[in-house]
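What follows is a set of notes on a single structure, which appears directly below.
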Amino acid sequence: MNFLEKKICEEGIVLSSTVLKVDSFLNHQIDPRFMKEIGSEFADRFKSSNIDKILTIESSGIAPAVFAGLDMDVPVLFARKRKSLTLNEGLITASVYSYTKQEQNEISVSTKWLNPGERILIIDDFLAHGEAALGLAQLVQKAEAHVCGFGIVIEKSFQAGRQKLENQGYRVESIARIREMSPKGISFWKEESE
Ligand code: G4P
Ligand code: NA
Ligand code: NA
């Protein structure tokens, strides 16, 4: 098991066969020392990709993205889910369907911070059905920037997200890949079994 898989086994709570609660270090309380390791892992995996900027989405993507940005020495931009009071001109938007909430939501970034030709690494906390990830990729495409890949903290490999991203030709790097889970335990994809 890698350092994240170990942490998930120690602190994660399996709420159902599809939902994992990781409030102790990622989705509510944040463990900065641990998140710094996550950031370094992303930096290492994408060190040959000449990344100019990281794009994530509020709120839980921000912590891993910032630590990756610190290690890679690049700025971090987060897409907003709600309209901002001060951010209203030159917006690029994409529509994201939420399976859990069964609703369509707009996400947005300002054209000021996402520029043509920039090489973008997209980071998020979870990869489930991939709708948020595809929405982020759309923002990058609309800005005429380039998606260099996806850095995911926890991938639920039994949901379709990875497949959707790979079908579009994207590189996906997930630090933990959950193959299956139940209140009895969690199993991960191992590098050898891929
Ligand atoms: P999906 O369609 O791609 O599956 O995403 P969905 O809208 O269902 O996800 C809704 C939220 O739940 C997202 O965060 C997503 O990161 C998170 N999520 C999805 N699966 C899990 C899971 O198994 N465990 C946990 N802890 N989170 C999961 P969000 O609502 O945008 O919240 P946040 O980023 O502000 O935390
Ligand atoms: Na979340
Ligand atoms: Na998220």
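The values are calculated or read from the model by the stated rules, or taken from the named source; none is laboratory data. For clarity, every value in this text was computed on a predicted model and none was experimentally measured. Heads up, the Cβs are rebuilt from the backbone with ideal geometry, glycines too, and the neighbour counts pull from every protein chain shown. Heavy atoms of the whole protein, side chains included, go into the accessibility calculation; ligands, DNA and RNA do not. Shrake-Rupley method; radii C 1.70, N 1.55, O 1.52, S 1.80 Å.
Descriptive notes on the structure:
- Between Glu173 and Lys112, full extension at 0.36 nm per residue minus the direct alpha carbon distance yields a gain of 19.2 nm.
- For the chain, the relative contact order is 19 percent, taking Cα pairs closer than 8 Å that sit 6 or more residues apart in sequence and dividing their mean separation by the residue count.
- Rolling a 1.4 Å probe over the protein heavy atoms leaves Thr100 with an accessible area of roughly 130 Å².
- Sparsely packed loop sites in the stretch 88-194 (the trypsin sites (Lys or Arg not before Pro) outside DSSP H, G, I, E and B with at most 15 other Cβ atoms within 10 Å) comprise Lys101, Arg171, Lys184, Lys190.
- Of the residues Thr111, Trp189, Phe158, the one whose Cα sits farthest towards the positive end of the charge dipole of the chain is Thr111 (charges of +1 on Lys and Arg Cβ, -1 on Asp and Glu Cβ, taken about the Cα centre).
- Loop-located trypsin sites (Lys or Arg not before Pro) in the stretch 1-87 (DSSP state other than H, G, I, E, B) with a sparse environment of at most 11 neighbouring Cβ atoms within 10 Å: Lys47, Arg82, Lys83.
- Accessible surface of the stretch 40-194 [probe 1.4 Å, protein heavy atoms]: carbon and sulfur percent: 47 percent
- Surface accessible to a 1.4 Å probe, Glu103 within the full protein complex, Å²: 80 Å²
- Three-way shape call for the chain based on the alpha-carbon gyration tensor, with the a/c threshold at 1.5: prolate
- With every protein chain in place and a 1.4 angstrom probe, the accessible-area ranking of His129, His146, largest first, reads His146, His129.
- Global geometry of the stretch 69-133, whether rounded, prolate or oblate, following the gyration tensor of its Cα atoms and the 1.5 cut on a/c: oblate
- Spatially near lysine pairs across the stretch 4-54, Cα under 26 Å, sequence gap of 8 or more or different chains: 9
- Residues whose amide H falls under 5 Å from that of Asn27, counting only those 5 or more places apart or on a different chain, are Val22, with hydrogens built in the peptide plane.
- Asp52 contributes about 70 Å² of solvent-accessible surface, heavy atoms of the protein only, 1.4 Å probe.
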